[in-house]
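Q: First, the structure itself, so that you have it in front of you.
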Amino acid sequence: MKQKKFGFIVVLVSLVVLLIVGIRHTLASASQPGKSNFQQVMAPTAGGGPGTVPDWFTYQGYLEDEGTPINNTCDFQFSLWDSSGSGTPPTGGIQIGTTETINSLGVENGLFSYPLNATGAFGAQAFIGQTRYLQIAVRCPAGGGVYTTLAPRQLLTAAPYALTLRPGAVISDTQNGPLLSVVNTLDTDTLGSAIFARGNSPTAPAIAAYHDGTGHALYGSSDSSYPTVGGVNYGSGNAIDGRSTAGNGVYGSTDSTSSVGVLGVQADYTISDLGGYWKPGGFFGGRNGVVGITKVNTGYGILGWDKSPSGGWAGTFLSDNGNGVYISAPNVGLNVAAGTKNAVVATEDGARLMYSEEATEVWFTDYGFGQLEGGTAVISIDPIYAESVNLTEPYHVFLQSYDDADLYVTNRTPTSFEVHVREGSNTAEFSYRIVATRLGYEDDRMERAPWADNDPHLYPENADGAAYMPQGGQ
């Protein structure tokens, strides 16, 4: 049998690649100018109402046998490839999806038409913005003989307006409204996103927004209980990253006193952990709930400011089972200006303040009891206390006798001191108080605190109504 030689002319293939979630891809088509009365095979449909753009696309072609248009019923095989290949039949490249076979398709005056990919043979990744080529094999008449693979593969090109939605495309215009609107009307699934973006770059965001003016680069609005803008990162990066060269990186605001302006929590932490306390402007929960860092001299890692009219608290620290505040610093650990350092104790008359004793130098104190034997007592200094102070320099020992005795101290050493009776009872009981300089702070005495020179609580004459910040913190 003589093998047929088919000539193939592409009439039109128009590929529209839509990159928006919820709208799939399609191929627009048009008839060949000057041709008519050819068979048009329509794609399957679920009805004439509104719906999602289908996955199939209409392909039209013109087929002839040695220059003569074919009028017959033929079998076709369509396959999708990532490159044009080379040779006859074409070879090379990677096939996308599987081959779609169309049996007994009518060809009239060389013209045929069919909705390809109606069964999804080319797969979900067929049209996501990359170049695609269509390879066609045909046998006429249908049902017998071998397929002839036509060459070359046909490049699937986009309709003009679809080019604005291919990867790297730019949509630009001057509009008093959005250039692109995407709406997902699904209201029965929490995962029905209107826009979905995914990136693989370790340094670039999946979605980037930039504003040349003073407005929002990215703005979200929602009437539901779900986040206006949500970010999920399944790796080690940031779910949401906010940066600014002159303004705020991330700003959160709420009009409700029962809600939180900014909320950040780790796993196993929720806003309900706050209990019955007033909702704050910002709530953070985690192994370290809030961490503040500064790299500016005399700056603040954390700043709390009470601006209430009748007196609130600039900072409050609560602990259910642990400790309150821990301070570790090479220099000044804690400053209290024009106020007191207190302990609060329970009494029958309510909670009362107990005040700290202040000193001009950095002293550590230890107390103890002793008793004379034969008019003398040798008191050994607690070795743990001795590690915290400098006992090689003179230190103070204050005595209180509980008997009729006049006592005095001799032989002060880094490990002990002696107590003697000048007159009175040789077996007198007494208490003592040792005051020694803290180790490493021997030269500190009423050091200058220039950062507080303009504190209006220290110097009321400086109070001019302006906001005060200690030196260097502005």
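Q: Calculate how large, on average over all directions, the projected area of the Cα convex hull of the range 363-437 is; give the answer in nm² to one decimal. Don't skip to the answer; put the middle values down first.
A: Details: hull surface 17.1 nm².
Mean shadow area of the hull around the Cα atoms is 4.3 nm².
Q: Along Cα→Cβ, 7 Å out, is where each label goes; now give me the distance between the ones at T174 and T68 in nm to one decimal.
A: Result for the modelled spin labels: 6.3 nm.
Q: Could you pull the Rg and Dmax for the range 240-299, using just the Cα atoms, both in Å?
A: 13.9, 38
Q: So for each of 71-83, 252-264, 370-382 I average, over its residues, the number of other beta carbons within 10 Å; can you give me the resulting order with the highest mean first? Could the numbers behind the result be given before it?
A: On the way: 71-83: 17.8, 252-264: 11.5, 370-382: 14.6.
Ranked by mean Cβ neighbours within 10 Å, highest first: 71-83, 370-382, 252-264.
Q: For A338 and L399, what does the FRET efficiency come to when R0 = 41 Å and r is the distance between their Cβ atoms, rounded to the nearest 0.05?
A: Numbers: r = 36 Å, r/R0 = 0.88.
The value I calculate is 0.70.
Q: Excluding same-chain residues fewer than 8 positions from K279, which aspartates and glutamates have a Cα within less than 13 Å of its Cα?
A: Within reach: D255.
Q: For the range 318-474, state the average projected area of the convex hull of the C-alpha atoms over all orientations, rounded to one decimal in nm². Intermediate results must be reported in sequence, preceding the final value.
A: Working: hull surface 60.6 nm².
Value for the range 318-474: 15.1 nm².
Q: Which FRET efficiency, nearest 0.05, do S258 and T365 yield, Cβ-Cβ r, R0 51 Å? If you can, show how the numbers build up before the last one.
A: Details: r = 49 Å, r/R0 = 0.96.
Here the calculated transfer efficiency is 0.55.
Q: Expected output is a single nm value to one decimal: the length gained when fully extending between R445 and I302, i.e. 0.36 nm times separation in residues minus the C-alpha distance. What is it? Kindly include the intermediate steps, with their values, before the conclusion.
A: Values: separation 143, 0.36 × 143 = 51.48 nm, distance 2.78 nm.
Length difference between fully extended and current span is 48.7 nm.
Q: Report the Rg/Rh value for the range 95-173, based on alpha-carbon coordinates and the Kirkwood definition of Rh.
A: Numbers: Rg = 16.0 Å, Rh = 15.2 Å.
That ratio is 1.05, to two decimals.
Q: Still on this structure, I have one more. If you project the alpha carbons of the range 307-368 onto the principal axes, what extent comes out on each, in Å, largest first?
A: Result for the range 307-368: principal-axis Cα extents of 37, 32, 29 Å.
Q: Once you put a point 7 Å from the Cα of A197 and another 7 Å from the Cα of E387, both along the Cβ direction, what distance in nm separates them?
A: Inter-label distance under the simple model: 5.7 nm.
Since every read-out is calculated from the coordinates, none of them should be taken as a lab result. Just so it is clear, the model here is predicted, and its values are computed rather than measured. Counting neighbours? That spans all protein chains shown, and the Cβs are built from the backbone with ideal geometry, glycine included.
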